[in-house]
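Since the structure comes first, as structure tokens, the remarks are kept for the end.
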Amino acid sequence: HALLAERLDLKISRGNFISGAITFCNIMPMRSIPFKIVALMGMDEQAFPGTNFSRAFDLMRQYPRPGDKNKRREDKYLFLETLLSTRKKLIISYTGQSMADNSPVPPSGVISELKEIVRESFIFPDGLDFCYEHPLHPFNTVYFDPTSFEPYGPLFSYSDNYCRMAKTLM
């Protein structure tokens with residue numbers, strides 16, 4: 001763990017775009033540079049696309065005209081640009097359940113549309129899916145049940161502490 005943390009610390013960019021092996025950044029226009037793996041985080045309905053925030057004295061909001069800046073439209077375009085820049089793997093995460101009462105939280109509209117298009121356009125082998133729902137707690141028994149480990153299955157964990165907690169629940 002220490003060796004991996006040390007190596008990653010050397011490879012993570014600090015402020016400069018594409019200065020290390022791993023780059024963390026916001027999605028921005030004109031950054032459609034090809035990447036092997038792209039991970040989008042926080043893609044739930046409330047977070048993305050952003051809402052138009054304007055002051056009460058904003059004349060553009062009071063008297064809209066064609067060609068005015070629209071945050072939601074720009075975010076949708078940036079999402080499409082991000083899809084085009086992905087070469088091998090696209091990982092999209094969002095909070096799908098409320099932490100308070102476990103009620104469903106819908107993904108962003110663009111994510112819902114993408115999921116629908118993928119489901120209609122591709123045939124997946126039995127038992128394999130492109131969308132995975134993780135349990136609320138990291139010590140859920142699903143992560144440590146050896147019968148649930150499938151090839152390319154996403155629900156597993158290497159945590160000894162969480163494994164001990166899950167065994168007490170089994």
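The values are calculated or read from the model by the stated rules, or taken from the named source; none is laboratory data. The shown structure was predicted, so the numbers you read here are calculated from the model rather than taken from an experiment. Please note: Cβ atoms are built from the backbone with ideal geometry, for glycine as well, and neighbour counts cover all protein chains shown. Please note that ligands, DNA and RNA were not included when accessible areas were found on the heavy atoms of the full protein model with its side chains. Shrake-Rupley method; radii C 1.70, N 1.55, O 1.52, S 1.80 Å.
What is the residue count in segment 79-91 for residues that are out of contact with any helix residue (DSSP H, G or I) (no Cβ under 9 Å at 6 or more places or on another chain), in a helix (DSSP H, G or I) and surrounded by 14 or more Cβ atoms within 10 Å (Cβ to Cβ)?
Step one: list which residues in segment 79-91 are out of contact with any helix residue (DSSP H, G or I) (no Cβ under 9 Å at 6 or more places or on another chain), which gives 81-82, 84-89, 91.
Checking which are in a helix (DSSP H, G or I) leaves us with 81-82, 84-85.
Next, from what is left, pick out any that are surrounded by 14 or more Cβ atoms within 10 Å (Cβ to Cβ): 81-82, 85.
The qualifying residues number 3.
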**OP:** Hey, can you tell me all the residues within segment 138-170 that are open to solvent by less than 90 Å² (accessible area, probe 1.4 Å), at pLDDT 75 or above and part of a loop (DSSP other than H, G, I, E, B)?
**Re:** Pro138, Phe139, Asn140, Leu155, Ser157, Ser159
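Do the conditions hold for Lys76, that is, is it at pLDDT 80 or above, surrounded by fewer than 15 Cβ atoms within 10 Å (Cβ to Cβ) and not in a loop (DSSP other than H, G, I, E, B)?
It is false that Lys76 is at pLDDT 80 or above, surrounded by fewer than 15 Cβ atoms within 10 Å (Cβ to Cβ) and not in a loop (DSSP other than H, G, I, E, B).
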Original post:
If you take the residues of segment 38-59 that are open to solvent by 70 Å² or more (accessible area, probe 1.4 Å) and under 20 Å from Pro107 (Cβ atoms), which of them is modelled with the highest pLDDT?
Top reply: Met41
